[in-house]
1. Hey, does segment 168-178 have a residue that's at pLDDT 95 or above, under 20 Å from P31 (Cα atoms) and open to solvent by 60 Å² or more (accessible area, probe 1.4 Å)?
2. Could you grab me the full set of residues in segment 6-59 that are under 18 Å from L245 (Cα atoms), open to solvent by 10 Å² or more (accessible area, probe 1.4 Å) and among the basic types (K, R)?
3. Select from segment 231-259 the residues that are open to solvent by 60 Å² or more (accessible area, probe 1.4 Å) and closer than 21 Å to A171 by Cβ and list them in ascending order.
4. Any residue in segment 213-230 that is at pLDDT 95 or above sitting within a Cβ distance under 9 Å of a residue that is open to solvent by 60 Å² or more (accessible area, probe 1.4 Å)? List the pairs, counting only those 6 or more apart or interchain.
5. Does P200 satisfy the criteria of being open to solvent by 50 Å² or more (accessible area, probe 1.4 Å), under 20 Å from the mean Cα position of the chain (by Cα) and without any contact (Cβ under 8 Å) to a residue 40 or more places away in the chain?
6. Being of a type in the set (V, I, T) and either in contact with a Gly (Cβ under 9 Å, 6 or more places away or on another chain) or not in a helix (DSSP H, G or I) (or both) is the filter here, so list the residues in segment 159-184 that pass it.
7. What pairs come up if the first residue lies in segment 106-130 and is more than 24 Å from P157 (Cα to Cα), the second is modelled with pLDDT under 95, and their beta carbons are under 7 Å apart, counting only those six or more places apart or on different chains?
8. Consider A189 carefully, then state whether it is within 28 Å of S123 (Cβ to Cβ) and assigned to a helix (DSSP H, G or I).
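The values are calculated or read from the model by the stated rules, or taken from the named source; none is laboratory data. Nothing here was measured: the structure is a model prediction, and the numbers come from that model. Here the Cβ is made from the backbone with ideal geometry for all residues, glycine too, and neighbour counts use every protein chain on show. To get the accessible areas, we keep the full protein, side chains included, count just its heavy atoms, and leave off ligands, DNA and RNA. Shrake-Rupley method; radii C 1.70, N 1.55, O 1.52, S 1.80 Å.
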Amino acid sequence: MKIGVALGGGGAKGLAHVVILEALDEMGIKPACVTGTSIGAVAGVIYCSGFSGKELREAISRLTISEEDSWKDVIKKKQIFKWLDFISPQFDGTGLLKTEKFISFLFDEIKTKTFEELCIPLSVVASDFWSRDEVILSQGELIPAVQASMALPGVFPPVVLGGRVLIDGGAVNPVPFDILPSDCDFTIAIDVIGSRTAGPDRIPSLTDAIFNTFQIMEKTIIREKRRISSPSLYIEPDITGIRLLDFYKADQIFKQALPAKDLLKREIDRCMERQE
């Protein structure tokens, strides 16, 4: 059976993809192809380069603090301070933060430089800022493709690639299940946008207003795409209380994603039984 997996965008909430990929590994399922948008493109690159879901979780855990960690544990985890390096401000007016240090760290870990070197075929989505078109990247260098796919307007700078100015793929295709090859027998889409709850005063801050408005538009795009064509299985981990750049809360995100992991396993088992 040819299985395709689509990994959606959602900032730090995209760490939930790790838990879902673990589920596939535990079931002995290796996707024939993967698509990804934004943080889904990042997770897709790591997974398709040969990392298992478990290895990916272990790597992220070295950079984060869990609820069980004591202060001694925190001090020992010197890698945690890399998050301060990753979030580097810039003042050229194109975006608030740079992505170079994070991307360099990522690709030092996986040692893979081009789409052609990946173990599993991968396509990532970006948006052409000026033509407003979807751009699917699946050949050539990985670094600029991933940077383009995660270039959230106002946060990360656009990427110029092939003469086009590219921004976050979530602007056109937040969960790219519709670009999985048509010959897939079974398709799985992972939507990690999660939900937001109102604060005490119910009026959002400026940053919350900007980022949540973007996610409102993403959800609208997803609903319309699902009316036209839906994947075999659509999974939405219920991730709450996590902001766009809360990557240091990985342990909390992993725990919140566990019910979705169990649901995925049950649904896949049910689908497999129907085909027997």
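1. Looking through segment 168-178, at least one residue is at pLDDT 95 or above, under 20 Å from P31 (Cα atoms) and open to solvent by 60 Å² or more (accessible area, probe 1.4 Å).
2. Correct list: R57 only.
3. Answer for segment 231-259, where residues must be open to solvent by 60 Å² or more (accessible area, probe 1.4 Å) and closer than 21 Å to A171 by Cβ: E236, R243.
4. K225/D178
5. Working: open to solvent by 50 Å² or more (accessible area, probe 1.4 Å): yes; under 20 Å from the mean Cα position of the chain (by Cα): no; without any contact (Cβ under 8 Å) to a residue 40 or more places away in the chain: yes.
Criteria not met by P200.
6. Of segment 159-184, the ones of a type in the set (V, I, T) are 159-160, 165, 167, 172, 175, 179.
Selection gives V159, V160, V165, I167, V172, V175.
7. What qualifies is L118/S49; L118/T112; C119/S49; C119/G50.
8. Details: within 28 Å of S123 (Cβ to Cβ): yes; assigned to a helix (DSSP H, G or I): no.
Spelling it out, it is not the case that A189 is within 28 Å of S123 (Cβ to Cβ) and assigned to a helix (DSSP H, G or I).
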